[in-house]
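Values in this text are rule-based calculations from the coordinates and carry no lab data. Being a predicted model, the structure only gives us computed values, none of them experimental. So basically every Cβ, Gly included, is an ideal-geometry build from the backbone, and we count neighbours across all protein chains shown.
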Amino acid sequence: MSDHHITAGFLPLLDSAILVAAREKGFAAVEGVDLTLVRETSWASIRDRIAVGHFEVAHMLAPMPIAANLGLTPMRLNLIAPLALGLGGNAVTVSNALWQAMAEAGATGPDDPAAAGAALRKVIEGRREQGGDRLRLGVVHPHSGHNFELRYWLAACGIDPERDIDITIVPPPLTADAMAAGRIDGFCVGEPWNSVAVAAGHARIATVKAAIWRSSPEKVLGVRADWAEAHSDTLARLLRALYRAAAWCGEAENHEELAAILSGEAYLGQPAKLLLGALDGRLETGNGIHRFPDFFLPVEKAATFPWQSHALWFYSQMVRWGQVPHTEVNTEKARASFRPDIYRAALGPLGAALPSASMKVEGALTAPTPVGATSGRLTLGPDGFFDGAIFDPAKLGDYIVGQKPAGAVD
Amino acid sequence: MPSRSLSVLVIDENTVRAAIIEAGLREAGHEQVTVVHDVNGIAQRIAEIQPDVIVIDLENPNRDMLEAMFNLSRAVRRPIAMFVDQSDQSAIEAAVDAGVSAYVVDGLRQERVKPIVDMAISRFNAYSRLARELEEAKSALEGRKLVDRAKGILMRSKGISEEEAYTLLRRTAMNQNRKISEIAQSLILASGLLDE
């Protein structure tokens, strides 16, 4: 019988897969962890329930622990992210009407975010000239990869996310309905909710996270800092279980079984067929099935490693959009929110290939590249931003100064 | 200075629970209570109502949207999460346990807000208890219907009395350490299969 009880909260999203597989495929049990999963309805609920101790750990948006440690959440709460729950997994989906307008303005397809963004800019300018309403785009949370990658894409295409459009918060399971009801014109959300909207006939996938920033961070395992400190052995067991589960999720031959498990009512409650596409990186875009390289990576390319350069990139975007002032203290809080030290200590005994560095230059790799690892072989990249920009965490200050803040996009 | 009665906004998709909370607040002397079931257009409503306290079901999926809206609010009366200073950890726990989330306008004294939140918590708990009892009553009723049908099947097929049929069901349930309604259900299922 297990002495290590952990209750984890999660939202019904594809990237809860690693947590679900850890429980359902017995990886947690092998480590002596009795893992209970509780489905939640909002990130606010995840935060509140981890704060009062209903959950020890949870599926979280990667910027959430950073925001909590920076004091941006309504509850005082210190969180750490000792493991990432994969890379990628989101898409930007727009209504059929908006896609039609974008296509007429030169959007080619979901592989070319620059063309799609340029077309969107023309559509926005056209609406402004005709005195039309601003377009409304939904994201799931202010402190989310979705919000930051959507804004990054828009700003890089000359669209000011603060002035030219309205960004509104929509819970993931309600995105398709909100679009069907005409309350939003598009959204950036994790799978399967893009596929759900496309399958319902309302929408087209305009671009994907993996095209905006290849191999980019999305969800993490968020852990209450005080619990992690007091239960380091239990946490290490969980991290090993999650790493093994991630490896299982990463095998193409397991995708059908994984999709079937995730389709259960207690998990995503969506048809397995809709989930399988995202696992295989082959999505129905509304204009036929399209293959997206590295759409969602559960394990490959160090997908579970909590890169502190990822934490600092999110921080740079929080500064950019006015969520937090840039100071040395804040920088350090953001960086220390991600804990590669705990990851290495827990996974060392598995003989897993662990990155030697805790930070990397984001956007530097144009091809798969072998990198330094403690053991085994590790390949990273490509990891480029669609606009060719480079994020060097050693030059964070310059990056922050160089990025266009709200209202400054030309 | 006489304190003005606080304006309370209850957001709950569950109309029965919302009514129970509203009644409780009115009985406690709060006259300015508004109930909203649908969050569409909520920004407009909040601007109109100018609530001092907002009570919302913790499980409402739109809480992220509401919190983001409060954060962006340029109004002076900006709602923040209840007990943000965490001076009362047990109160937060009681609220989360009950499934209550509350937001209060910045600067409002905690002792003025607490009775409202406490009322919401106790009414949420009362509602959960009622819902559970109703569920139990419903399943008891369904169980009794199953047992009646199973008795009928036994009486017809074995030519025994109602009392004997019931005794047989009960003895089988005891021997197999299962509920009598489960045995009844298995029997009905098996009989259905045999009839086909």
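As a footprinting exposure proxy, order A:Trp321, A:Trp193 by other Cβ within 10 Å, with the fewest listed first.
Numbers: A:Trp321 19, A:Trp193 27.
Result, fewest neighbours first: A:Trp321, A:Trp193.
If you find the alpha carbon centre of segment A:24-97 and of segment A:102-158, how far apart are they in angstrom?
Each part's Cα centre sits 28 Å from the other's.
With a cut-off of at most 15 other beta carbons within 10 Å, and DSSP calling the residue loop, which trypsin sites (Lys or Arg not before Pro) in segment A:115-158 qualify? Please list them. Numbers along the way, then the final one.
On the way: sites: A:Arg121, A:Lys122, A:Arg127, A:Arg128, A:Arg134, A:Arg136, A:Arg151; in loops: A:Arg134.
Filter output for segment A:115-158: A:Arg134.
Any lysines with Cα under 19 Å of the B:Lys145 Cα? List them, leaving off those in the same chain fewer than 8 positions away.
Partners within reach: B:Lys179.
Which ³J(HN,Hα) values in Hz, rounded to whole numbers, follow from the phi angles of segment A:374-382 under the Karplus curve 6.51 cos²θ - 1.76 cosθ + 1.60, where θ = phi - 60° and Gly and Pro get x?
5, 8, x, 10, 10, 10, 10, x, x
Please arrange A:Ile46, A:Ile261 by how many other C-beta atoms lie within 10 Å of their C-beta, fewest to most.
Values: A:Ile46 25, A:Ile261 20.
Taking fewest neighbouring Cβ atoms as first place, the list is A:Ile261, A:Ile46.
Summing Lys, Arg as +1 and Asp, Glu as -1, what charge do residues with Cβ under 11 Å from the Cβ of B:Ala173 carry, B:Ala173 excluded? Walk me through the numbers before you get to the answer.
Details: positive: B:Arg170, B:Arg171, B:Arg178, B:Lys179; negative: B:Glu182.
Around B:Ala173, the surrounding residues sum to +3.
If the cut-off is 19 Å between C-alpha atoms, which lysines fall inside it for A:Lys219, apart from same-chain ones fewer than 8 positions away?
Within reach: A:Lys209, A:Lys301, A:Lys333, A:Lys360.
For a Förster distance of 41 Å, can you work out the FRET efficiency between the beta-carbons of B:His37 and B:Gln89, rounded to the nearest 0.05?
0.85
Sorted from largest down, give the three principal axis spans of the alpha carbons of segment B:137-195, whole angstrom values.
Here the spans come out as 31, 22, 19 Å, largest first.
What distance in nm separates the two pseudo spin-label positions at A:Ala266 and B:Asp118, each 7 Å out from Cα along the beta-carbon direction?
3.9
Most exposed first by the Cβ proxy, i.e. fewest other Cβ within 10 Å, how do A:Asp392, A:Asp164 rank?
Numbers: A:Asp392 16, A:Asp164 19.
By the 10 Å Cβ count, ascending: A:Asp392, A:Asp164.
I'd like the antiparallel share, as a percent to the nearest 5, of DSSP beta bridges with both residues in chain B.
Roughly 50 percent of the beta bridges in chain B run antiparallel, per DSSP.
Roughly how compact is segment A:282-388, stated as its Cα Rg over 2.2 N^0.38 Å to two decimals?
On the way: Rg = 16.4 Å, N = 107, 2.2 N^0.38 = 13.0 Å.
That ratio works out to 1.26.
What whole-number distance in Å separates the alpha-carbon centres of segment B:144-188 and segment A:300-339?
65
Can you tell me the FRET efficiency between A:Arg282 and A:Thr379 if r is taken as the Cβ-Cβ distance and R0 is 22 Å, rounded to the nearest 0.05? The partial results should precede the final answer.
Values: r = 22 Å, r/R0 = 1.01.
The value I calculate is 0.50.
List the residues, sorted by chain then number, that are 5 or more residues from A:Thr36 or on another chain and whose placed amide H is less than 5 Å from its amide H.
A:Ile6, A:Thr7, A:Ala8
When the Debye formula is applied to the Cα atoms of chain A, each taken as the same point scatterer, what base-10 log of I(q)/I(0) results at q = 0.06, 0.07 Å⁻¹?
-0.21, -0.29
Provide the per-residue ³J(HN,Hα) series for segment A:265-271, in order, calculated from phi with Karplus coefficients 6.51, -1.76, 1.60 and θ = phi - 60°, each as a whole number of Hz, with x at glycine and proline positions.
For segment A:265-271, the Karplus curve yields 4, 6, 9, 8, x, 10, x Hz.
Hey, what number do you get for chain B at 222 nm if only DSSP H runs of n ≥ 4 count, each worth -39500 (n - 2.57), divided across all residues, to the nearest 500?
On the way: 7 runs with 121 residues, N = 196.
Helices in chain B give a 222 nm mean residue ellipticity of -21000 deg cm²/dmol.
Which residue fluctuates most in the GNM of chain A (Cα springs below 10 Å): A:Pro370, A:Pro393, A:Pro161?
So, out of A:Pro370, A:Pro393, A:Pro161, the one fluctuating most is A:Pro370.
Diagonalise the Cα gyration tensor of segment A:90-212 and give the resulting equivalent ellipsoid semi-axes, square root of 5 times each eigenvalue, largest first, whole Å. It would help to have the intermediate numbers written out before the result.
Numbers: eigenvalues 72, 46, 44 Å².
So the equivalent ellipsoid measures 19, 15, 15 Å along its semi-axes.
In Å and whole numbers, how far do the C-alpha atoms of chain B stretch along each principal axis, longest first?
For chain B, the Cα extents along the three principal axes come out at 81, 31, 28 Å.
When only C-alpha pairs under 8 Å and at least 6 residues apart count, what is the relative contact order of segment B:115-196, in percent?
Numbers: 40 pairs, mean separation 23.1, N = 82.
RCO, segment B:115-196: 28 percent.
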